[in-house]
1. Residues in region 86-102: is at least one more than 23 Å from the chain's Cα centre (by Cα) and without any contact (Cβ under 8 Å) to a residue 40 or more places away in the chain?
2. Just to be sure, is residue 235 under 18 Å from the mean Cα position of the chain (by Cα), surrounded by fewer than 24 Cβ atoms within 10 Å (Cβ to Cβ), without any contact (Cβ under 8 Å) to a residue 60 or more places away in the chain and more than 28 Å from residue 7 (Cα to Cα)?
3. Considering region 31-50 alone, what residues qualify as being without any contact (Cβ under 8 Å) to a residue 24 or more places away in the chain and within 20 Å of residue 293 (Cβ to Cβ)?
4. Here are some residues: 328, 223, 318. Which one is loosely packed, with under 14 Cβ neighbours inside 10 Å, touching a helix residue (DSSP H, G or I) at 6+ places or on another chain (Cβ under 7 Å) and at pLDDT below 85?
């Protein structure tokens with residue numbers, strides 16, 4: 001079953017990459033796409049492919065991986081199969097930092113506020129963990145979730161206050177907040193890649209410990225797991241993955257929620273397999289959404305974040321209706 005699922009997902013991923021490279025406001029035949037990949041000729045199609053499509057596809061790959069794995073970690077951390085990285089305050093923190101940076105400086109453009117978005121996501125995550133760990137008890141899944149909801153609500157209110165009083169910040173925010181791969185070149189890709197790579201390494205190393213914690217804190221301790229250390233590192237990994245992805249392309253919802261759920265449907269609850277399949281399914285989901293976003297109203301396009309949610313919602317509802325949702 002797992003082998004067949006791996007083959008199926010890899011085929012879907014390869015198809016998604018090819019379609020992402022070939023389709024858009026100007027279609028490039030698959031045969032020509034392959035030829036130009038191997039031997040660029042300087043023509044119009046070659047320029048479109050190498051300067052626009054390849055960086056965009058690469059961004060879709062790493063953002064899909066990051067959001068899928070971040071969602072798997074967040075659901076395991078909170079033991080809630082319907083949790084997503086947004087609970088940690090990542091989206092709210094990045095959003096507030098973006099509008100604040102634009103409002104204070106008047107400067108716009110993703111290259112300018114990329115670092116502000118990532119810093120905002122990191123600070124919000126740290127605040128959530130600090131609030132969730134305050135008091136006599138440790139940072140339990142319930143306390144972290146409640147702290148995340150509280151911090152996110154406060155930051156969303158502050159974000160709205162800023163954009164209502166600053167037209168420049170509002171104009172920039174309304175495009176960024178929808179989530180888009182448009183205009184994201186190699187400079188953005190290389191900036192976020194080290195953070196995503198570090199988050200993936202931590203996620204892989206934590207998988208066995210998260211499997212043990214799924215049985216309960218006491219059982220995890222009996223199996224040799226350092227509970228607080230595992231939870232702290234999980235928060236760090238989610239912040240690196242979701243924070244970098246959100247900073248690069250804006251908040252894209254639903255991927256971190258639905259992809260790990262689908263992964264568990266395919267391969268069971270073993271966190272090692274869930275992590276691997278979330279890393280594979282996330283890019284499939286996002287690349288498919290990006291291709292549809294380009295074709296729907298071409299030569300213009302819709303933001304990929306909108307399409308990712310629209311195509312995901314019916315699929316997720318179908319999965320939920322067919323299967324019982326059990327606590328992790």
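The values are calculated or read from the model by the stated rules, or taken from the named source; none is laboratory data. Keep in mind that what you see is a predicted model, and the values were worked out from it rather than measured. Methodologically, a virtual Cβ is constructed for each residue, glycine included, from the backbone with ideal geometry; neighbour enumeration extends over all protein chains shown.
1. Checked region 86-102: no residue is more than 23 Å from the chain's Cα centre (by Cα) and without any contact (Cβ under 8 Å) to a residue 40 or more places away in the chain.
2. Numbers: under 18 Å from the mean Cα position of the chain (by Cα): yes; surrounded by fewer than 24 Cβ atoms within 10 Å (Cβ to Cβ): yes; without any contact (Cβ under 8 Å) to a residue 60 or more places away in the chain: no; more than 28 Å from residue 7 (Cα to Cα): yes.
The answer is no for residue 235.
3. Residues of region 31-50 that are without any contact (Cβ under 8 Å) to a residue 24 or more places away in the chain, as a first pass: 31-47, 50.
Within region 31-50, just 33 meets the criteria.
4. On the way: 328 fails: loosely packed, with under 14 Cβ neighbours inside 10 Å; 318 fails: touching a helix residue (DSSP H, G or I) at 6+ places or on another chain (Cβ under 7 Å).
On inspection, the qualifying residue turns out to be 223.
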